[in-house]
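See below for the structure under consideration.
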Amino acid sequence: MPRVPDKTKHERKERVLFLLSRYPDGLTEREIAEHLNLERRTTNNYLRELEAEARVEKDGQVWCAWPFKTPVLRGFDLAPEEAMVLYLASRLYVKHSDQRNETAETVLLRLADILSSDMGLEDDIVQAAHELAHRPIRPGYEDVFRTMMRAYIYRCRVEITYHPYRGQPFATVFAPYLLEPSAIGFSTYAIGHSSVVDDLRTYKIERIERAALRLRDTYTIPTSFPGLELLRNAWSIYFGESVVAVTLRFAPQVTKRVQETQWHPSQTFSWDKEKPHHLLITFEVADTTDLLPWIRTWGASCEVLAPDALRDQMMGEARRLAHLYGWNTSSTESDKHARFNDIFGGGNE
């Protein structure tokens, strides 16, 4: 079958779009093909391309013209150091993404084209896109990601099927108010109003199994919604009004590294009066769930002092780790010391 010229293809797609714009309630694929005297397979290809371009959307069995005007981003000039910020952001995004996302790949390649003329950064950014292209493909993820982005951009509700970490999948109508990436678990979260509880909820986009836009069901973000201020007390994504004070003690070998970083807006440092050269750091966070992975990364160089519940939790993990690695927690102190010397060579080096 001869290839359709690009100009003809473009004109046909425009006719599909014009036809749908005359039928606000939508048309089926068969009806579109009959109206325009096109083959069903060809019609489907055009519809899918228009859908990817955010110009049409499928609503049940019918296709509808996209009811929103596609925003066009304004161009802007960047100083070289400002462009470097975009480069670093692109590298961070690739590290953050553990699965393929072709939308992000396209953005990176466009960014490479923009930066190629004067700065010579295109090879690095193309390499970042190449890395992203070789991430594992998760069926359905890109469609869900694109749908959630559009729901937020165009402020239209979305029907989702969500599968929580524990529990059975459930359906809800969701209005996203805020999108927030998290380095923990390489994840992106949507915070907004969920119909199933008639309240704010946080959903991990990677756990959404299905997402379908409700094109004519628009919403506005309430003026009472605080935006990013909502996460002021969160370590990463778990927010709340009440806070718990967490105090950690760091060993001398890591104190310099700990002090190099602003880990949380509430952090305060002080030197431990009971243990010389040990550093104390205190946070006030709404929830310790997403703080735990960070504490674990420091291993035995970090000790939880407060709250008691968190300390007990880490003690329980330490016991399980000791059992996992063959450390007999019921042994006498002398036996443990001898076993320690066998493993680590003894001494105080």
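A short reminder: the numbers here are calculations on the coordinates, not readings from a lab. Since this is a predicted model, take the numbers as computed values, not measurements. Please note: Cβ atoms are built from the backbone with ideal geometry, for glycine as well, and neighbour counts cover all protein chains shown.
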*What is the set of long-range amide H partners of Q267 at a cut-off below 5 Å, with H atoms built 1.01 Å from backbone N?*
none
*Approximate spin-label separation R135-R257, in nm, with each point projected 7 Å along Cα-to-Cβ*: 2.6 nm
*With point charges of +1 on the Cβ of Lys and Arg and -1 on the Cβ of Asp and Glu, referenced to the Cα centre of the chain, which listed residue (A300, H130, W66) lies farthest in the positive direction of the dipole?*
W66
*lysines near K204 by alpha-carbon distance under 23 Å, same-chain residues fewer than 8 away left out - which ones?*
K95
_Give the lysines reachable from K69 as a straight Cα distance under 19 Å; neighbours fewer than 8 places away on the same chain don't count._
K13, K58
*Integer Hz, Karplus 6.51/-1.76/1.60 couplings in order for region 251-268, x for Gly and Pro*: 6, x, 5, 10, 4, 4, 5, 4, 6, 6, 10, 8, 6, 7, x, 8, 5, 9
*Can you list residues whose amide H is under 5 Å from F68's amide H, if they're 5+ apart or on another chain and H is modeled 1.01 Å from N?*
none
*What is region 54-169 by shape, rounded, prolate or oblate, if you read a ≥ b ≥ c off the alpha carbon gyration tensor as root eigenvalues and call it rounded for a/c under 1.5, prolate for a/b larger than b/c, and oblate otherwise?*
oblate
*With a 10 Å Cβ neighbour count serving as the proxy for reagent exposure, in which order, fewest first, do D198, D290 appear?*
D198, D290
*Return the calculated 222 nm mean residue ellipticity for the chain, to the nearest 500 deg cm²/dmol, obtained by summing -39500 (n - 2.57) across DSSP H runs with n ≥ 4 and dividing by the residue count.*
-12000 deg cm²/dmol
*Report the extension gain between R41 and E53 in nm, rounded to one decimal, defined as 0.36 nm multiplied by the number of residues separating them, less their alpha carbon distance.*
2.5 nm
_With P(r) over Cα pairs in 20 Å bins from 0, in percent as the read-out, I listed (1) 21, 46, 24, 8, 0; (2) 29, 62, 10, 0; (3) 31, 59, 11, 0; which label goes with the value calculated from this structure?_
(1)
_For T172, residues with placed amide H under 5 Å, excluding near neighbours_ = I160, Y162
*Charged-residue dipole, Cβ positions (Lys, Arg, Asp, Glu), the chain about Cα centre, Debye nearest 20*: 820 debye
*asked:* Under 4 °C and 1.567 mPa s, how fast does region 9-65 diffuse according to Stokes-Einstein, given a Kirkwood radius computed over C-alpha pairs? Answer in µm²/s, whole number.
replied: 120 µm²/s
*Using only Cα atoms, find the angle between the long axis of helix 308-324 and the longest principal axis of the chain, and express it within 0 to 90 degrees, rounded to the nearest 10.*
90 degrees
*Could you run the Karplus curve 6.51 cos²θ - 1.76 cosθ + 1.60 with θ = phi - 60° over region 131-141 and give me ³J(HN,Hα) per residue in whole Hz, x for Gly and Pro?*
4, 5, 5, 9, 6, x, 8, 9, x, x, 5
*asked:* I'd like the Karplus ³J(HN,Hα) series for region 281-293: coefficients 6.51, -1.76, 1.60, θ = phi - 60°, whole numbers in Hz, and an x wherever there's a Gly or Pro.
replied: 10, 10, 10, 10, 10, 6, 8, 9, 4, 8, 7, 3, x
